[in-house]
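Quick notes on the structure that follows.
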Amino acid sequence: MSDDPTIPDSREPMILAGGRLPGEALPVDLHLDGGVVRTVAPAGSVSPAPGARRLELGGRWIVPGLWDRHVHLSQWAMVSRRLDLGDVGSAAEAVALVAASVDGGADEVVGFGYRDGLWPDAPTIAALDAVSGDVPVVLVSADLHSCWVNRPAARRHGLDEQAGESGVLREDDCFRLVRELDDLPDDVLDAWVDEASRAAAARGVVGVVDLEMRWNRDDWARRAARGADSLRVRFGIYTRDLDRARAEGLHSGDEVAGTAGLVRVGPYKVITDGSLNTRTAWCVDPYPGLGSDQHPHGVVNVPYDELVPHLRHAERIGLVPAVHAIGDRANERALDALEAVRPGGWQGRATIEHAQLLRRDDLARFAALGIVASVQPEHAMDDRDVADLYWSGRTDRAFMLRDLAAAGVELALGSDAPVAPLDPWIAIAAAVGRSRAGREPWHPEQRLDARAALAASTDGVGAEVREGMAADLAVVELDPLAASVDELRGMPVALTLLGGRATHDAL
């Protein structure tokens, strides 16, 4: 918090002495004042302002502060309090963990993180009912697009009919249930979010785009009023709240009053299709081996003839779109809709979120329309085996980071936390290495170089600190342009500054 006496006020002048810029050997000094980088000069050449605080960096590297351009911060804050299903390899294993929780006295079981795309057995509601009795059970998938529930939970949330015999709720039914699980007392949720925000700051993060499925304006205004100041936040607005946003005069980029400039209105978020692991991403080609209750090509959550009016409404009231599209058909139609709304292109910050599977013809369309590809490189590491199965023969068009960049498309890296950890160094490592845990790189032809990955993680600032930029900075122990992929994943962060104010200090 800003009232910590050990944290310098951002208005005070400061010298960061003897640091290095990425890829450079010679040390530099940075003069910060008024929350801005005033000077970047060879070490020893900066004349400190009277009373300036001096921090010796000892040759550490200085990079622009990092952003995660796609998070669900409330859900990320809740993950550590839920039953961990991340390593579960079958429905039977998940049921066994639920049974242990119930036997341990739990009066409700909420789990997170299962990925059933490669399970040898299928989820059923009967399997959960057999071990849970009257205890409600909700298991949320890692991709947030499906939930597996037992009968008591389905009845509690009014989803008994939708749950059917499998107990699996997909897309809108799942989103509704997740929103209800998020409905915690403000004090509890705010404390958890503050803890998660501080942890992000300790990884060099200065800002996030929070796409939580809530009316986030009031949440973040309340948190700021209570002293939460670890991150800059741009919050998303969903279709159900467009009229409220219009009535309250919210426009993308506007500062929320009383938040000292830390909280701003973000994009209009719309989810047009599903996800790969839930086999609901809308694709040109059918998925192999789907059950009779699933659409062979995936799911269209918002069809084109609804998407275009939504986008036009959002544009009229001053909201920039962030369109979720994962499958290649979904991306094609999202581009069609964005072009229909603004034929001259979106030369702003309009994004397509995820852009996981693309037709090659659409690379040039991204660039021509000025659409930012908001991508999550760690998803490729999580999903490579599922993609090899369900997108067989097409994975050369999956997670095409290098090809997008080569086509002139701006990339913005993120995590989609809690789908992947809120840690931009993990995203950078995945983009650079296309590998994890010693496995061979997956489609290494799509690797980004470290400079491009770093630049895509700084909210458009680029990979280098320069004069005149906000003093949103991170000081790290290794040169990010020379570090190995494993070193990038665990990059030690010594200092994070937000407008010149320390939000993390391990110097």
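What the table below lists for this structure:
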| read-out | value |
| --- | --- |
| Residue in the stretch 23-40 that is under 30 Å from Gly133 (Cα atoms), open to solvent by 20 Å² or more (accessible area, probe 1.4 Å) and at pLDDT 95 or above present | no |
| Set Leu159, Leu85, Leu118: member being within 30 Å of Ala200 (Cβ to Cβ) and not charged (D, E, K, R) | Leu85 |
| Test: residue in the stretch 138-149 that is open to solvent by less than 10 Å² (accessible area, probe 1.4 Å), part of a helix (DSSP H, G or I) and out of contact with any Asp or Glu (no Cβ under 8 Å at 6 or more places or on another chain) | no |
| The stretch 199-233 - residue that is under 29 Å from Glu306 (Cβ atoms) and either open to solvent by 40 Å² or more (accessible area, probe 1.4 Å) or in contact with a Leu (Cβ under 7 Å, 6 or more places away or on another chain) (or both) and, of those, modelled with the lowest pLDDT | Arg214 |
| Selection count where residues are in contact with a His (Cβ under 7 Å, 6 or more places away or on another chain) and of a type in the set (Val, Ile, Thr), scope the stretch 234-258 | 1 |
| Residue ID - farthest from Leu57 (Cα to Cα), chosen from residues in the stretch 457-484 that are open to solvent by 20 Å² or more (accessible area, probe 1.4 Å) and in contact with a Phe, Trp or Tyr (Cβ under 8 Å, 6 or more places away or on another chain) | Asp459 |
| Residue list for the stretch 97-121, restricted to those being in contact with a helix residue (DSSP H, G or I) (Cβ under 8 Å, 6 or more places away or on another chain) and not in a loop (DSSP other than H, G, I, E, B) | Val98, Ala99, Val102, Val109, Val110, Gly111, Phe112, Gly113, Tyr114 |
| Scan of the stretch 156-171 for residues that are in a helix (DSSP H, G or I) and surrounded by 15 or more Cβ atoms within 10 Å (Cβ to Cβ), ordered by number | Arg156, Asp160, Gln162, Ala163 |
| Residues being over 26 Å from Leu290 (Cβ atoms) and either at pLDDT below 95 or not in a helix (DSSP H, G or I) (or both) - total across the stretch 122-137 | 4 |
| Test: residue in the stretch 65-81 that is open to solvent by less than 20 Å² (accessible area, probe 1.4 Å), more than 30 Å from Ser457 (Cβ to Cβ) and in a helix (DSSP H, G or I) | no |
| Whichever residue in the stretch 387-398 is aliphatic (A, V, I, L, M) and either at pLDDT below 95 or open to solvent by less than 10 Å² (accessible area, probe 1.4 Å) (or both) and, among such residues, is nearest to Asp328 (Cα to Cα) | Ala398 |
| Subset of the stretch 444-468 that is among the hydrophobic types (A, V, I, L, M, F, W, C) and outside any helix (DSSP H, G or I) - its residue that is nearest to the chain's Cα centre (by Cα) | Ala456 |
| Meets criteria (open to solvent by less than 10 Å² (accessible area, probe 1.4 Å) and either more than 18 Å from the chain's Cα centre (by Cα) or touching a residue at least 24 places away in the same chain (Cβ under 8 Å) (or both)) for Leu311 | yes |
| Residue satisfying all of: in the stretch 288-308; among the hydrophobic types (A, V, I, L, M, F, W, C) and open to solvent by less than 30 Å² (accessible area, probe 1.4 Å); farthest from the chain's Cα centre (by Cα) among these | Val308 |
| Residue match in the stretch 402-415 (condition: of a type outside the set (Val, Ile, Thr), assigned to a loop (DSSP other than H, G, I, E, B), within 30 Å of Val178 (Cα to Cα) and under 14 Å from the mean Cα position of the chain (by Cα)) | yes |
| Criterion violated by Arg365 - all others in (1) surrounded by fewer than 22 Cβ atoms within 10 Å (Cβ to Cβ); (2) at pLDDT 95 or above; (3) not in a helix (DSSP H, G or I) satisfied | (3) |
| Residue list for the stretch 172-186, restricted to those being open to solvent by 60 Å² or more (accessible area, probe 1.4 Å) and assigned to a loop (DSSP other than H, G, I, E, B) | Asp183, Pro185 |
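The values are calculated or read from the model by the stated rules, or taken from the named source; none is laboratory data. Model, not experiment: these values are computed from the prediction. Cβ sites come from the backbone with ideal geometry, for glycine too, and all protein chains shown count toward neighbours. Calculation scope for accessible area: heavy atoms of the full protein, side chains included, ligands and nucleic acids excluded. Shrake-Rupley method; radii C 1.70, N 1.55, O 1.52, S 1.80 Å.
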